[in-house]
1. How do Leu301, Leu446 rank by accessible surface area computed with a 1.4 Å probe, from largest to smallest?
2. To the nearest Å, what is the center-to-center distance of the stretch 364-401 and the stretch 264-334, using C-alpha atoms only?
3. What order do Trp375, Trp287, Trp88 take when sorted by accessible area (1.4 Å probe), most exposed first?
4. What is the sum of charges, Lys and Arg at +1 and Asp and Glu at -1, for the other residues whose Cβ falls under 11 Å from the Cβ of Ala337?
5. Rank Ile181, Ile117, Ile338, Ile298 by accessible area, highest first, at a 1.4 Å probe radius?
6. Return the FRET efficiency for the residue pair Asp333, Asp233: r is the Cβ-Cβ distance, R0 is 60 Å, and the value is rounded to the nearest 0.05.
7. When the chain is fully extended, how far beyond the present Cα-Cα distance does Ala423 get from Phe342, taking 0.36 nm per residue of separation?
8. How would you order 69-75, 355-361 from highest to lowest mean count of nearby Cβ atoms within 10 Å?
Amino acid sequence: MAPGKDSVPPHSGSRPPDSGSGPPDSGPGGAPPPPPAPPHPLSAEERAEYERLRRHAGVRHRRLRKAGAAVLLVVTLLLAPLAVVAAWVQDTVADTDRYVETVAPLASDPAVQQVVINRLTDEVVKNVDVAAVTDALTKVLKDNGAPPAVVTGAGALDGPLRDVVRTVVDRNVTRVVTSEIFRQTWEGANRQAHAAVVHMLTGEREGALRATGDTIQLDLGPVVDQVRERLVDAGFDKAAAIPDTDRTVTLFHTDELGKAQDAMRLLDILGTWLPVLTVALAALTVWTAPGHRVTLLITALGLGLMMVVLLVALAVVRRVYLDAVPSSALPPDAAGAIFDTFLRFLRDSTRTLLVVFLATALAAYLYGPGRVARWVRDLARRGTTAAGRALRSAGLSTGRAGRLLAAHPRWTTGVVLGAGALALLLWNRPTVGAVVLVAVLVVAALALVGVAAAAADPVPDESGLTRPG
């Protein structure tokens with residue numbers, strides 16, 4: 001059929017029933033379909049409008065990302081000091097070993113030892129009735145017909161005798177308090193007391209002190225077992241029949257126990273998850289912002305500033321605490337020693353995080369376009385390249401491995417930095433020294449990678465190779 005006004009257009013989506021053996025998309029008579037019309041070129045005005053709309057959409061998108069990153073950054077900076085304090089409190093309150101490690105130095109502090117010596121000496125001397133001794137001596141002398149001058153002199157021995165008693169007691173108490181026995185007793189008493197309180201607050205049925213509902217009970221089971229065993233060993237065979245019932249003694253009831261246990265559970269949650277939330281918000285801040293490197297630099301500097309604020313706040317709290325404690329109750333040097341001992345791990349953690357954040361900010365800057373950053377990178381590149389070429393000239397080539405390192409510098413740098421960060425995360429309570437050590441190792445590893453990449457043999461030139469045959 002010849003094409004006419006009733007013929008089906010080539011691209012109408014249907015085909016005549018007798019289209020023959022041509023391809024399905026062929027035109028009438030088996031001819032191929034006409035090529036699609038070329039796209040209509042944009043005029044200058046249309047092109048300008050398109051570029052304007054595109055820039056406007058890009059600017060709006062960047063503004064939204066900047067606003068979101070700014071909000072996340074503010075929340076991160078506000079949560080950072082709280083996260084550090086919460087982690088420290090949870091670590092000290094819930095961990096008996098950490099608590100004992102915290103208070104152990106107090107037993108060896110001279111100021112604290114002197115306070116203990118003075119108070120123990122005062123208690124002992126207070127319970128010695130010196131006046132009764134002098135009165136008895138006076139009565140004995142009078143009854144035995146001693147001269148009046150001697151009797152009067154015996155009555156005046158109250159003051160000297162009290163001084164002698166105090167000197168003797170002070171010497172013996174000092175000998176005990178400054179000994180190793182006092183330190184061991186101090187640590188053992190604090191360990192037992194802290195473990196009992198933790199078991200009570202967490203509801204764990206361990207130790208002698210237990211919490212059941214709103215009742216505090218003392219478990220006498222271990223004591224009963226020891227008494228029964230000693231009685232049997234001493235020959236009282238009937239002591240083996242002592243029953244195991246009624247082995248607990250109710251100490252007291254309190255309505256505040258439930259609140260204390262709830263506070264303990266909340267502290268455990270905050271101390272565990274608040275630091276994780278802060279780190280996640282910091283990472284989300286860097287990811288959300290358009291400029292990741294600049295945002296990382298700003299976030300690290302902001303977190304470092306918050307650590308400085310926390311250290312200043314601790315110094316202010318220390319000053320307020322020392323002013324609030326009367327010197328009659330506790331000497332200023334002893335009060336300062338107690339405060340510093342209890343908070344030393346919090347200070348150490350804050351200083352460690354400050355160094356970590358400053359190192360992160362420095363790394364983010366050195367990878368930027370700044371003049372000093374470019375100079376440092378060029379200097380390092382020249383040094384590693386010279387060292388690598390010297391090794392290659394000496395016959396020590398890294399071969400294909402070196403070429404692989406040279407071809408993927410970003411990946412190798414990321415792996416080294418990630419390994420350093422992982423080392424700090426896995427380090428059990430890192431200190432400033434640990435951070436410095438890891439930073440030095442990371443720099444040394446980057447230098448070794450650069451030398452290994454520069455020591456690789458160049459890729460052979462295939463243009464000069466002849467094809468066989």
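1. Leu301, Leu446
2. Computed from Cα coordinates, the inter-centre distance equals 38 Å.
3. On the way: Trp375 150, Trp287 180, Trp88 55 Å².
Per-residue accessible area, sorted high to low, gives Trp287, Trp375, Trp88.
4. Numbers: positive: Arg344; negative: Asp109, Asp333, Asp340.
Once all neighbours under 11 Å are counted, the net charge is -2.
5. Details: Ile181 115, Ile117 5, Ile338 45, Ile298 90 Å².
Sorted by accessible area, descending: Ile181, Ile298, Ile338, Ile117.
6. Numbers: r = 50 Å, r/R0 = 0.84.
Efficiency, rounded to the nearest 0.05: 0.75.
7. Values: separation 81, 0.36 × 81 = 29.16 nm, distance 2.76 nm.
Taking 0.36 nm per residue and subtracting the Cα distance, the gain is 26.4 nm.
8. Numbers: 69-75: 17.6, 355-361: 19.3.
Per-residue mean Cβ counts within 10 Å order the peptides as 355-361, 69-75.
The values are calculated or read from the model by the stated rules, or taken from the named source; none is laboratory data. Just so it is clear, the model here is predicted, and its values are computed rather than measured. Here the Cβ is made from the backbone with ideal geometry for all residues, glycine too, and neighbour counts use every protein chain on show. Protein only, heavy atoms only, side chains kept; ligands, DNA and RNA dropped before computing areas. Shrake-Rupley method; radii C 1.70, N 1.55, O 1.52, S 1.80 Å.
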